[in-house]
Each structure stands twice: as C-alpha cells, then as structure tokens.
1. Condition first: crowded, with 21+ Cβ neighbours inside 10 Å, within 14 Å of the ligand (Cβ to nearest atom) and among the polar types (S, T, N, Q). Now tell me which residues in the stretch 322-380 satisfy that.
2. Within the stretch 465-499, can you find the residues that are more than 10 Å from the ligand (Cβ to nearest atom), assigned to a loop (DSSP other than H, G, I, E, B) and either of a type in the set (S, T, Y) or touching a residue at least 60 places away in the same chain (Cβ under 8 Å) (or both)?
3. Just to be sure, is D52 among the acidic types (D, E), out of contact with any Asp or Glu (no Cβ under 8 Å at 6 or more places or on another chain) and either outside any helix (DSSP H, G or I) or at pLDDT 80 or above (or both)?
4. Tell me, please, whether a residue that is outside any helix (DSSP H, G or I) and at negative phi can be found in the stretch 27-48.
5. Report whether or not Q134 is closer than 30 Å to L35 by Cβ and modelled with pLDDT of 85 or more.
6. Does V459 fit the bill of being touching a residue at least 40 places away in the same chain (Cβ under 8 Å) and outside any loop (DSSP other than H, G, I, E, B)?
7. Could you run through the stretch 441-464 and say how many residues are more than 6 Å from the ligand (Cβ to nearest atom) and not acidic (D, E)?
8. Quick check on my filter: what residues within the stretch 143-188 are within 30 Å of Q226 (Cβ to Cβ) and surrounded by 13 or more Cβ atoms within 10 Å (Cβ to Cβ)?
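The values are calculated or read from the model by the stated rules, or taken from the named source; none is laboratory data. Predicted, not measured: the structure shown is a model, and the values here were computed from it. Note that each Cβ is placed from the backbone with ideal geometry, even for glycine, and that neighbours are counted across all protein chains shown.
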Amino acid sequence: MKLAAKLVLLFLGCLALVVGVFSFLSLRQAQDVALAEHERLAADLAATLKSDLRSAQHTPREIERVLMVWSEEVNHVRARLVNPHQAGDPSLRPTVPADLLIRSTKVTTFSYPDPSGHSTMYTYVPLDDAAGTQLEVAAAESFWTERLSHSLRNSAISLMVVSAVTSLVILLGGLWMVGKPLDQLVEKVHRVGQGDLSGPVDLRRGDELGKLGQAVNEMCEQLERQRSRIDSETQQRLAAVGQLRHADRLRTVGRLAAGLAHEIGTPLNVVSGRAELIASGKLSGEDIQSSARTIKEQSHRIATIVQELLNFARSKTPQRAPVDLNRLLEETIKLLRPMADKHNITIDLRSWSDVATSELDSAQMQQVLTNLLVNAVHATQARSMPNRTSVAGSEDLAKRIEVSIDRLRAAEIDPSRVTAEQTDLAEYYWRVTVTDFGIGIEPDLRENIFEPFFTTKDVGEGTGLGLSIAYGIVREHAGWIEVESELGSGSSFSVYLPVPAAPAQSC
Ligand code: ADP
C-alpha cells in the first residue's frame with residue numbers, strides 16, 4: 001500500500017477515535033445542559049407561583065388554569081400542581097411514587113415513564129406552602145434526544161466533509177511530496193544494487209527527502225572513488241602476481257635444467273665413451289655391435305627423459321571427454337601386465353560395478369595410472385630383492401598389486417586431505433586406488449615425492465618425474481592425489497576425480 005494511502009488511513013483512524021470520544025463527551029454534556037435547563041424552567045415557574053400563592057392572588061384552581069395555559073405555550077412541557085401528602089386525590093397525586101417526594105425540600109428531577117409508557121423527565125419544585133404543594137414539570141425525553149441527535153447528525157456531516165477534503169489533500173500531497181521522490185530514490189538504489197553508480201538522483205528540495213537524496217548521491221560518489229581505487233589496486237596486484245609467476249617459472253626452469261643435466265649427463269657420458277671406443281678402431285666387430293647397442297639404449301633413455309620432461313612442461317588444457325574409468329584401468333593394466341608378469345607380480349582390479357564415467361583426457365589419465373602402477377611394480381620388486389628382509393608369510397601378499405575404484409560423497413572425504421587449492425568441491429568423487437605391498441616410503445620423504453626429479457631409485461631406473469607429472473595432470477582435472485604408506489609394508493596412492501554433475505551412469 002502506498003505511503004500516502006497509509007497516512008490517510010492513519011488520519012481517518014485517529015479522527016474516528018477523536019470524534020468518538022468527543023461525541024460521547026458532548027452527549028454527556030448535552031444531557032447535563034438539558035437537565036439544568038429543565039430544572040431552571042421549573043424553578044422560574046415555581047418562583048412565580050410561590051408569590052401568587054403567598055399573596056393569595058389566585059386560588060389553586062386558578063393556578064391550575066394558568067399552568068394549563070403555560071403548558072400550551074411551552075408546548076414540549078406540561079406543568080401541574082401535585083401534593084404528595086394528598087396522594088389519595090387523583091388530581092394532586094404526583095406521577096412518580098409519592099414517597100420519593102414527601103420529605104423533599106429542594107428541586108428534584110426523575111426520569112420516569114409517563115402513563116403512556118414514554119420515558120419522561122419529571123422535575124418537582126416544593127412551593128413552600130403549608131399544605132406541602134409541589135410543582136411537577138414534565139418533558140418527554142424524546143424532545144431532548146431528538147434535538148441532540150439532530151445536532152450530532154449535523155456535526156457528523158460536517159466532519160465527514162472535512163475528513164474527505166483532508167484525506168484528498170493528504171493523498172495528493174503525499175503522492176506528490178513523498179511518493180514521487182521515494183520512487184526516484186528506490187529506482188536509484190536499484191541501479192546502485194546492480195552496480196550502476198552513474199546519474200545522481202535529482203531531488204532539489206530542502207526537506208528530509210531532499211537530504212536523503214543528497215546523501216545517496218554522496219554515497220555513490222564515494223563508492224565510485226573507492227571502486228576506481230580498488231580497480232587500480234587489483235591491476236597492480238595482478239601485475240605483481242604475474243611477475244611472481246614469471247620469477248617462479250624461471251626458478252622451475254632452472255631446477256628442471258639442473259635435473260635434466262644430471263639425468264642426461266650419465267647416458268651422454270656412456271654414449272660419448274662408447275663412440276670414442278668405436279672411433280679408436282681398436283674394437284672387434286662384436287664389441288662394436290655391443291657398443292652400438294649401448295649407444296642406442298642410452299639414446300633411447302635420453303629421448304624418454306626429454307619426452308617426460310616435455311610432458312611435465314606441457315601446459316595445454318586437457319582435451320576432455322566422458323571416459324569410463326573401468327575401461328581405462330583395464331587397458332592400462334593390460335599394457336603393464338607383461339612387465340608385472342616378468343617379476344611374478346599380479347595386478348588385481350576391483351572395478352566399479354557400473355560405468356564409472358568422468359570427464360577426462362584419457363591419454364593423460366592413462367599416463368597417471370601408468371606412473372602409479374610402474375612405481376607399485378618397482379616397490380614390490382624392490383621388496384622381494386634378496387638383500388631385503390621380508391616379513392615371514394608375507395611373500396604372497398608382497399607380490400600383489402590391488403587396483404580399485406569407488407565413489408565417495410564429498411562430505412565423506414576428510415577435508416584435511418583435500419589439497420589447499422581445491423576450494424570448490426564437486427558433489428561426488430571417483431577414487432582410484434593403487435595399493436602395493438612393497439617397500440613403502442620413509443615418512444621424511446613423503447613430502448618430497450611429488451617434486452620434479454625427486455627419486456630414490458638407482459641412476460638409470462628413475463627420473464623422479466612420474467609423480468610430479470601425475471600430480472599436475474590430476475590437478476588439471478580438478479582432482480588430487482592422496483598417499484598412505486608404511487615403511488616396509490607398502491603404499492597406497494589414491495587419485496580423486498570429480499564425478500560429472502549429471503552422471504550418465506546409474507549408481
Ligand atoms: P621415479 O619413479 O622415477 O623415481 P616418481 O616421481 O614416480 O619418480 O617417484 C618419486 C619417488 O617416490 C620414487 O623414487 C620413490 O622413492 C617414491 N615412490 C613413488 N611411488 C612409490 C611406491 N609405490 N612405493 C614406494 N615408494 C614410492
């Protein structure tokens with residue numbers, strides 16, 4: 001409801017209350033006035049009659065006649081002489097019970113029904129004669145109430161006219177003085193809410209609404225100034241972050257170059273040594289062949305390292321498509337099975353019972369799974385090496401790698417395990433776990449295993465890039481890798497990948 005309409009309603013409500021109280025008080029007052037007027041009339045008449053009686057100018061019969069004439073003149077009043085002491089005489093019996101008047105010495109008024117049953121006001125005035133005669137003056141109450149209701153009706157009509165005019169004035173004035181400027185202010189506030197601070201509200205007036213409009217305009221100017229300050233600070237921050245990233249990239253490149261030099265150095269030395277031997281011409285044909293094979297192997301190793309490094313450095317966004325993780329795992333395990341078979345290691349896959357779809361770059365994810373499985377094979381193999389002490393009865397276990405896939409609700413995941421960068425969690429995650437019963441990881445080294453070129457493997461066996469590449473790829477897929485390991489008992493690497501919001505599979 002509009003403010004002006006509310007004001008009108010409030011005004012009318014207050015007016016009705018005031019009019020109600022005023023009418024009630026007026027009624028009371030009018031009744032008092034009517035009573036006083038009636039008594040005064042009776043007292044004046046009695047004063048005249050008293051002197052007549054005292055001077056014995058008129059007999060009571062004559063006085064009766066005078067009273068009849070008087071009653072005809074003042075037509076709403078009837079007057080007659082009564083005597084409560086002679087109640088047996090019907091002509092002198094008062095209309096109200098005689099007992100009420102017997103001892104009365106002053107003017108008394110009663111509201112009493114007349115013989116025809118109409119409510120009537122009776123005033124009795126003692127005439128102070130020896131016989132105890134009193135003057136009875138009667139007036140129908142309807143005469144007073146009619147007069148009263150007539151005046152009340154007139155007042156009500158005037159009040160209604162005044163109220164209607166006032167309401168109209170309040171309504172129009174309210175719409176023009178309050179409604180219109182408020183509409184302007186509301187429109188301005190909406191625009192501010194939508195981020196549009198331009199166009200000040202135009203309220204050129206000295207009242208409170210004018211001041212409010214001015215305050216809103218000043219607020220918008222301040223907001224505009226702050227916004228441009230924040231914009232420029234943000235630009236500066238972005239530039240600083242860009243510089244930091246650049247510096248970080250340079251440091252990473254330096255570290256990678258150092259690692260690369262170390263990794264490639266050894267095979268290059270082998271290659272140059274063998275090449276020198278061949279060049280010396282002292283080698284037999286068979287030795288030349290063996291050296292050439294070694295050069296080929298070492299060159300291949302260098303090529304592998306460079307390829308892995310390229311993979312690591314790659315920053316292209318993944319080419320994602322819906323992929324069934326069950327199928328991807330089966331394919332990857334099939335690729336690695338010959339390698340595992342060579343060391344009598346079994347790989348058990350516990351697939352998800354249905355299609356386990358995720359949005360993936362399947363080549364990249366296969367690389368992740370391959371790296372984890374190769375590490376698991378290496379750890380398993382390392383444990384069964386003759387120089388390692390094995391736990392009695394654990395040989396069978398130690399020759400097995402378990403791969404499983406299950407689905408978790410985000411709420412079930414321990415938040416402390418989620419990577420700090422992972423702020424926006426999906427509702428569900430696939431968890432692919434590769435568990436081995438190999439040598440395990442030393443607690444002190446657990447923090448380093450994802451670093452590029454960190455390896456505990458012998459020279460030539462590991463590049464230290466597998467886990468760092470896997471980490472990068474999984475992060476690009478909005479997931480993370482979790483590690484649990486016990487030295488001498490084995491390790492478990494879990495890859496968490498978000499389940500697409502509307503999964504194609506049933507669960
Ligand atoms: P690389 O395998 O070439 O050494 P990775 O980055 O794949 O490089 O692994 C880094 C290191 O993490 C490994 O050298 C090894 O010490 C440790 N590691 C990784 N996976 C396992 C595992 N399943 N069991 C024990 N140690 C592991």
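1. N371, N375, T380
2. H477, G488, S489, V499 - these are the residues of the stretch 465-499 that are more than 10 Å from the ligand (Cβ to nearest atom), assigned to a loop (DSSP other than H, G, I, E, B) and either of a type in the set (S, T, Y) or touching a residue at least 60 places away in the same chain (Cβ under 8 Å) (or both).
3. The answer is no for D52.
4. No, the stretch 27-48 has no match at all.
5. Spelling it out, Q134 is indeed closer than 30 Å to L35 by Cβ and modelled with pLDDT of 85 or more.
6. Against the criterion (touching a residue at least 40 places away in the same chain (Cβ under 8 Å) and outside any loop (DSSP other than H, G, I, E, B)), V459 does not qualify.
7. So the answer is 9.
8. Listed by number, the residues that qualify are P181, L182, Q184, L185, K188.
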